[in-house]
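Structure first, then comments.
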Amino acid sequence: MPQTHIRFDWAIKKLLRNKANYVVLAGFLSELLGKQVKIQSILESESNRQAEDDKLNRVDILAENDQGELILIEVQNSTEQDYFHRMLYGTAKLITEFLEKGEPYSKVRKVYSVNVVYFSLGQGDDYIYQGKLDFNALHLEDKLGLSINQKKLFNIKEVSEIFPEYYVIKVNNFNDVAKNTLDEWIYFLKKSQIKEEFTAQGLAEAKENLLVDSLSEEERANYVRYMENRRYEISMIEGSRSEGRLEGREEGRLEGREEGRLEGREEGRLEEKVNIARTFKHEGINIETIAKATGLTREQIEKL
């Protein structure tokens, strides 16, 4: 049986920011984007600075490749209904943050938004989705493209190369059968395991450098604590969801009216939010973040 390696989100937080491990990150991105990616540096921005209140729910890393393109990789562990909106906000923020005052618009950086999600985002049964912008004609069967001069001036072929490009990896939708090298990476993201026969770029280095046994005693203790906290959070969320559903059904049966069913469901949803907020507060997450995630007021959270 393959050895279990460090989860990708923990690796992003602690290991992949080291230059010696850029090859792991570059391998993953090369397989996903379908082109060779060389990591020039790991950047800090307002959107990806690590804070203590991000430690369970979300981690991200911002890389710059040798073409000057920005690649934001985000790992999201639990449900967030406005996640699509946050993807858009993240790319928009990077575009403005990395354009100096007075620079022409032609200096806008190409941004890739890579989103590894461990929850059911939207509707869709595939496990990898790509989103990019094209301008399609409403009356004629053509697409708005660049002029010859624009292609020469900006050294690109398509309009879509200017705009942000999005990738969503719905890890839990993967069926554990690796049919190609990109699938091998998805298998690793889901199982934290690398099979002997895997040949995807970056996985050989990940297999060597991301072993739990390679961590120091202190790092290993922190990793174990992180995983236990994550399991506890998932358990609390799933438990509160089940409790909310049961309470909603029970209320509906007792009342025997649509009004009773609606009230029961609402109480169940509120109880779920309260349980999540209580868990986050226990983990030391600040009230502002809890309020944003749950929709509860500051006063409600302070009373927990």
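The values are calculated or read from the model by the stated rules, or taken from the named source; none is laboratory data. Just so it is clear, the model here is predicted, and its values are computed rather than measured. Because the Cβ atoms are built from the backbone with ideal geometry, glycine has one as well, and the counts that use them run over all protein chains shown.
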Here is a list: K35, K13. Which entry is among the basic types (K, R) and either part of a helix (DSSP H, G or I) or touching a residue at least 40 places away in the same chain (Cβ under 8 Å) (or both)?
K13
(1) of a type in the set (K, R); (2) part of a loop (DSSP other than H, G, I, E, B); (3) at pLDDT below 95: which one isn't true of K190, the others all being true?
(2)
Within the stretch 108-127, can one find any residue that is more than 30 Å from K190 (Cβ to Cβ) and surrounded by 11 or more Cβ atoms within 10 Å (Cβ to Cβ)?
yes
For A291, indicate whether it is at pLDDT 80 or above, aliphatic (A, V, I, L, M), over 28 Å from K14 (Cβ atoms) and assigned to a helix (DSSP H, G or I).
yes
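Only one of Q81, Q67 is modelled with pLDDT under 95 and closer than 30 Å to Y223 by Cα. Can you tell me which?
Q81
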When the stretch 192-215 is examined, which residues are found to be surrounded by fewer than 18 Cβ atoms within 10 Å (Cβ to Cβ), free of Cβ contacts under 8 Å to residues at least 40 places away in the same chain and over 23 Å from R17 (Cβ atoms)?
E197, T199
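Taking the conditions exactly as written (modelled with pLDDT of 90 or more, surrounded by 18 or more Cβ atoms within 10 Å (Cβ to Cβ) and assigned to a strand (DSSP E or B)), does L25 satisfy them or not?
no
Residues L62, L70, L138: which one is hydrophobic (A, V, I, L, M, F, W, C) and free of Cβ contacts under 8 Å to residues at least 12 places away in the same chain?
L138
Run down K101, K152, K170 and say which single residue is of a type outside the set (V, I, T) and surrounded by 11 or more Cβ atoms within 10 Å (Cβ to Cβ).
Residue meeting the stated conditions: K170.
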Are any residues in the stretch 100-158 among the acidic types (D, E) and more than 30 Å from L43 (Cα to Cα), and if so, which ones?
D125, D126, E141, D142
Is one or more of the residues making up the stretch 53-62 hydrophobic (A, V, I, L, M, F, W, C), modelled with pLDDT under 95, within 18 Å of L189 (Cβ to Cβ) and not in a loop (DSSP other than H, G, I, E, B)?
yes
Considering only the stretch 135-184, how many residues are charged (D, E, K, R), at pLDDT 95 or above and closer than 27 Å to Y83 by Cα?
5
